[in-house]
1. Please work out which residue is nearest to the ligand (Cβ to nearest atom), limiting yourself to the stretch 163-204 and to residues that are of a type in the set (Phe, Trp, Tyr) and within 19 Å of the chain's Cα centre (by Cα).
2. For Asp137, only one of the following conditions fails: (1) surrounded by fewer than 18 Cβ atoms within 10 Å (Cβ to Cβ); (2) in contact with a strand residue (DSSP E or B) (Cβ under 6 Å, 6 or more places away or on another chain); (3) acidic (Asp, Glu). What is its number?
3. If I ask for residues that are assigned to a strand (DSSP E or B) and within 16 Å of the ligand (Cβ to nearest atom), which ones from the stretch 355-381 would you list?
4. Among (1) under 18 Å from Tyr52 (Cα atoms); (2) modelled with pLDDT of 95 or more; (3) not basic (Lys, Arg), where does Met71 come up short?
5. Does the stretch 321-333 contain any residue that is touching a Lys or Arg at 6+ places or on another chain (Cβ under 7 Å) and at pLDDT 95 or above?
6. Only residues that are closer than 27 Å to Asp125 by Cα, loosely packed, with under 11 Cβ neighbours inside 10 Å and not polar (S, T, N, Q): list them for the stretch 73-101, please.
7. Go over the candidates Val236, Val274, Val240 one by one and state the one that is within 22 Å of Leu505 (Cα to Cα) and either in a helix (DSSP H, G or I) or touching a Gly at 6+ places or on another chain (Cβ under 7 Å) (or both).
Amino acid sequence: MLPEEDIIFSKYLQKCGIPIDEFSIGPFTMAIFGGAGDLSRRKLMPSIFNLYCNKELYKGFSVVGVDMREMDDNQYRSMMKDAVREFSEGPFDEDQWYEFIRHVYYLTSKLENDDTYERVRKKIDQVTVPASNGLKDVIYYLAVPPGVAPLVVGKLKEHDLCKGPFNTKVIVEKPFGVDRKSAVALNRTLTGAFKEEQIYRIDHYLGKETVQNILFFRSSNAIFEQFWNHQYIDNVQITVAEDIGIEHRGEFYEQSGVVRDIVQSHVMQLLGMVAMELPTGFKADFIRDEKVKVLRSIREMDNAYIDAFTVSGQYGPGKIKGQDVPGYRQEQNVSPASNVPTFFAGKFYIDNLRWGRVPFYVRTGKRLPRRVTEICIQFKRLPLRLLGRDCDAFDPNILILTIQPDERISLRLGVKYPYSHNQLYSVSMTFNYRETFKTGFSQPYELLLADCIKGDLTLFVREDGIEEMWGIVDPVTARWESFPVKQFPNYGAGTWGPPEALKLLEQDGRSWITD
Ligand code: BG6
């Protein structure tokens, strides 16, 4: 029998016609290029192990790490054990690990060497259990820097490993290229080697439950969807704030900076989810079509616009949670004179009939006071104060979708302050995911890996989507790189960025909303 709470939930549970049954998990091999790297240690192996523990992997799976670090299978397994212990949430299950790790192998190989790909083929052939159709299902995971991805794809093609002996898919990590031009080139290389439906461009933000909920929330609540347009919405604010610095990734970050790292991918995905038209169904391409349309409608930014409506910042030393932390220029593998931005704020317009003239303000940065990802939808004020002209407060309604760390939705409403004659008071009605459903969430990588294994492309980015996103941010990076800000660092760690980020909204008579 279901526990009482589940009975209550099942009473309200409504199923959408999402064709989950079309997908199934069979035996497969995942070959991870960059298998000894940071992503594999922090995210991929912990996620694969969790899928295994949750019985979401078919018994006949294998993982082959491919990297240049000299190791044998046993050394790799022990390195991964340390990583999973360190980076997995929840207790480490020794018995399950013992069973799991027997499926994991390692090849010491240089990615530029032809012989690597022959050894990969041999290993895959040897360890892969054929699926029921007799074919061997293989996923290549490109956990390598953007400059190296084309090389690996080219070699896979040359060695006939894409459409040849195996039934393959390829997952490509972000950043997908470094600008539109390189993304187009990488797309060309990929589509020359694989069919589009074999290509999984990953952005882990799409694997977050709360990001996926944006569409469900909009499409199931008439009271919001009907007001989801320029007639009722005054502005939209997206904040992706991190309190961490660049950690051990100085070398990467010096090449990337905040725009390539976060704005081009995560921020654009959030913006797309909020602003797109609702798809006519849950098929991958229905959603991706709508997202691309909205990205295409984002107003192009020329230099004058960029100078007026974007703000760049770089953190100096400061305090986070009471602890002294170094400035960006003092981080490991960062030039002491670096001009790389760690903060972005900007105003976007979406030139379509739904959003005409509604500003979308975005801010994101490292070493901000706290970790929070939030989308605030501020509704327009009523045209009149119906209850007298001297009401003391007149706050607008604000809908806040908090993506992390507290997954919740809240709505700010004005009510009469008790005992007062004429005072309004702003209160919040809040729905909190964890409290309501008494559950945690699967890690985004876990969910996305499972989707790829099943063959569901819905939460992956299509070729045109990636190119559009780069097209939006390229002018910003080009402008900022030709005229770097002279006063870097211009915000202290532990603050909300440079003062210009506040002015960006103040000049429009608005301010950043914080929950
Ligand atoms: C990654 C970026 O894509 O996302 C990192 O490269 C960033 O710089 C991370 O820290 C943030 O992810 P999350 O899930 O912690 O918000």
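1. Phe176
2. (1)
3. We begin by selecting, within the stretch 355-381, every residue assigned to a strand (DSSP E or B); these are 360-365, 372-379.
Selection gives Val362, Arg363, Thr364, Gly365, Val372, Thr373, Glu374, Ile375.
4. That leaves (1) as the condition not met.
5. Applying the first criterion (touching a Lys or Arg at 6+ places or on another chain (Cβ under 7 Å)) to the stretch 321-333 yields 325.
Now drop any that are not at pLDDT 95 or above, which leaves 325.
Within the stretch 321-333, one or more residues are touching a Lys or Arg at 6+ places or on another chain (Cβ under 7 Å) and at pLDDT 95 or above.
6. Within the stretch 73-101, just Tyr98 meets the criteria.
7. On the way: Val236 fails: either in a helix (DSSP H, G or I) or touching a Gly at 6+ places or on another chain (Cβ under 7 Å) (or both); Val240 fails: either in a helix (DSSP H, G or I) or touching a Gly at 6+ places or on another chain (Cβ under 7 Å) (or both).
Testing whether each residue is within 22 Å of Leu505 (Cα to Cα) and either in a helix (DSSP H, G or I) or touching a Gly at 6+ places or on another chain (Cβ under 7 Å) (or both) leaves just Val274.
Here is a yes/no grid of residues against (1) under 21 Å from Asp464 (Cβ atoms); (2) in the same structural domain as Leu457 (by TED's automatic domain parsing); (3) among the hydroxyl-bearing types (Ser, Thr, Tyr):
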| residue | (1), (2), (3) |
| --- | --- |
| Val152 | no, no, no |
| Leu161 | no, no, no |
| Phe194 | yes, no, no |
| Gln198 | yes, no, no |
| Val211 | yes, yes, no |
| Arg218 | no, yes, no |
| Asn235 | no, yes, no |
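The values are calculated or read from the model by the stated rules, or taken from the named source; none is laboratory data. Just so it is clear, the model here is predicted, and its values are computed rather than measured. In this analysis, Cβ positions are derived from the backbone assuming ideal geometry, glycine residues included, and neighbour counts consider all displayed protein chains.
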